[in-house]
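The values are calculated or read from the model by the stated rules, or taken from the named source; none is laboratory data. None of the values given here were measured: they were computed from a predicted structure. Quick reminder, even Gly has a Cβ in these numbers, built from the backbone with ideal geometry, and neighbours come from all protein chains shown. Remember, those area values only see protein heavy atoms, side chains included, never the ligands or the DNA or RNA. Shrake-Rupley method; radii C 1.70, N 1.55, O 1.52, S 1.80 Å.
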Amino acid sequence: MTIELHTWNTPNGRKISVALEEMGLPYKVIPVNITKGEQMAPEFLKLSPNNKIPAIVDPEGPDGKPVSIFESGAILLYLGEKTGKFLPKSLAARIPVYEWLMWQMGGFGPMPGQVHHFIALENEQDRAYGLKRFMAETRRLYGVLDRRLEGRDFVAGELSVADFAILGWAWRHPRHKVDLADFPNVKRWYDALMARPAVKRGMEAKLD
């Protein structure tokens, strides 16, 4: 049964397409054009009460019944539970996955997202204030990630949904005005992930 991925070509959408490809799950993309406000449509609101992409519909959910899930972090955890992949079985091993997934959801997403917003402003005074504030915080977060990846291949032991979540936003580093050469551990991790065939498919999947 094919999972429906309701999304657009954004970092949060790429998290899910990469995870679905890595997990080997069949899916079809149903574009939600956020530039035209399609995320506000009543039908999408039934899937995502917060009017945000992505959302999925799994026709073979728990107990074989259809289920819809919104919020990219929740989707990643659900898919990890469903497949038994990229989510450790033991609680001890899951703790860092939870930590770094929540780190991404709470910081390494909202802060770079503000950079995206302020870069697009025409008023130079508004742009300057916002970019100074949020670019500094974004670079700080890249530094946190770089220190975490020192001596590690992945953020939480084995490759996990936390890596997919963070990759979705690291993918936009040129837009963040961040040179990964300044963060060599992040660059090593990023290049290794982007070289994986399934990640490549997930990144190239047409989401719009």
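Points to keep in mind about this one:
- Over 31 Å between alpha carbons, listed pairs Lys82/Lys206; Lys46/Lys177; Lys82/Lys200; Lys36/Lys85; Lys36/Lys177: Lys46/Lys177; Lys36/Lys85
- Working from the Cα coordinates of the chain, the gyration tensor eigenvalues give, after taking √(5λ), semi-axes of 27, 23, 14 Å in decreasing order.
- Mean-position separation - Cα centroids, the range 142-173 and the range 47-72, in angstrom: 26 Å
- Averaged over its residues, the chain has an accessible area of 50 Å² per residue, based on protein heavy atoms and a 1.4 Å probe.
- Relative contact order of the range 1-146: 18 percent, from C-alpha pairs under 8 Å at least 6 residues apart in sequence.
- Ranking of Trp189, Trp169 by solvent-accessible surface, largest first: Trp169, Trp189 (1.4 Å probe, protein heavy atoms only, all chains present).
- Relative contact order of the range 67-208, defined on C-alpha pairs under 8 angstrom at six or more residues apart (%): 27 percent
- Sum of -39500 (n - 2.57) over DSSP H runs of 4+, divided by residues of the chain (222 nm, nearest 500): -17000 deg cm²/dmol
- Placing +1 on each Lys and Arg Cβ and -1 on each Asp and Glu Cβ, with no other charges, gives the range 90-208 a dipole about its Cα centre of roughly 80 debye.
- Most mobile of Ser48, Ser90, Ser160 in a GNM of the chain (Cα contacts under 10 Å): Ser90
- Counting only aspartates and glutamates at least 8 places from Lys187 when in the same chain, those with an alpha carbon closer than 15 Å to its own are Asp146, Glu150, Asp153, Asp163, Asp179.
- Residue of Pro110, Pro42, Pro11 that the Gaussian network model of the chain assigns the largest fluctuation, springs spanning Cα pairs under 10 Å: Pro42
- For the chain, with all protein chains in place and a probe radius of 1.4 Å, 55% of the accessible heavy-atom surface sits on carbon or sulfur.
- Normalising the average separation of contacting C-alpha pairs (under 8 angstrom, six or more residues apart) by the number of residues puts the relative contact order of the range 1-78 at 35 percent.
- For the chain, built as a Gaussian network whose Cα springs stay under 10 Å, the top-fluctuating residue of Lys82, Lys132, Lys52: Lys132
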